[in-house]
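Undergrad: Please read through the structure below; I'll follow up with questions.
The values are calculated or read from the model by the stated rules, or taken from the named source; none is laboratory data. Everything quoted here is computed from the prediction, not taken from an experiment. For neighbour counting, all protein chains shown are included, and Cβ atoms are generated from backbone atoms with ideal geometry for every residue, glycine included.
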Amino acid sequence: MTETTTEPADATTRPSRDDVQWLGESEQIAWRTFIFGATSILDRLSQLLESDPRIDLTLSEYEILVRLSESEHHRMRMSDLADRVVHSRSRLTHTVSRMEKRGLLARVRCVADGRGREAALTDEGMALLERAAPIHVQSVRDVLLDPLGHDDFLELGRIVGRTLGHEVPCLPASTSHGR
């Protein structure tokens with residue numbers, strides 16, 4: 001029998017079918033429940049923001065506004081923003097273009113070196129974020145926090161945090177956006 005390894009596979013050393021420790025039935029159920037639940041929750045939170053005609057933001061767009069609102073001078077290098085919102089550079093560029101057309105942010109030269117591009121939150125973007133934040137926070141409570149309860153909600157955050165293997169960029173304690 002082939003010995004299984006606990007080392008993560010990289011692009012050059014993919015495990016063969018015989019080397020994989022397959023998920024048991026209860027593990028498959030847990031995994032599929034996680035995937036279905038995470039996708040459903042994120043879709044529902046986005047739908048609640050998008051369905052309000054005064055807001056009309058996707059969850060991804062909301063997250064971009066939040067990250068910019070919390071950054072120094074309300075601007076951030078595009079590559080850093082992509083990392084913070086867990087988007088590919090290409091996906092972020094498309095999303096930022098849509099948001100720029102709506103007047104929510106602008107792409108400007110990087111203050112630090114003049115070579116790179118930064119996304120900068122506009123006054124209109126900040127005003128929309130301030131209107132969207134109460135709706136988003138109530139949605140998080142309704143969809144996730146209240147059904148789980150406070151302690152389980154915090155535990156969920158700790159559990160997911162352990163899987164990331166690195167520190168998650170935190171929010172400033174003084175944020176009023178409740179993210």
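Undergrad: Which ones in the stretch 143-177 are at pLDDT 90 or above and part of a loop (DSSP other than H, G, I, E, B)?
TA: The answer is Gly149, and nothing else.
Undergrad: Between residues in the stretch 31-52 that are closer than 25 Å to Leu65 by Cβ and residues that are outside any loop (DSSP other than H, G, I, E, B) and hydroxyl-bearing (Ser, Thr, Tyr), which pairs lie under 7 Å by C-beta distance while being six or more apart or on different chains?
TA: Note: pairs meeting the criteria are Leu45/Ser139; Leu48/Ser139; Leu49/Tyr62.
Undergrad: While we're looking at this one, here's another question. Of all residues in the stretch 25-49, which are aliphatic (A, V, I, L, M) and loosely packed, with under 13 Cβ neighbours inside 10 Å?
TA: Within the stretch 25-49, Ile29, Ala30, Ile35, Ala38 qualify.
Undergrad: Let me ask you something else. Using beta carbons and a limit of 8 Å, which pairs, at least six apart or on different chains, have the first residue in the stretch 65-85 and acidic (Asp, Glu) and the second one surrounded by fewer than 19 Cβ atoms within 10 Å (Cβ to Cβ)?
TA: Hits for this filter: Glu70/Leu171; Glu70/Pro172; Glu70/Thr175; Glu70/His177.
Undergrad: Among the candidates Val20, Val85, single out the residue that is at pLDDT below 95 and within 22 Å of Leu156 (Cα to Cα).
TA: Of the residues listed, the single one that is at pLDDT below 95 and within 22 Å of Leu156 (Cα to Cα) is Val85.
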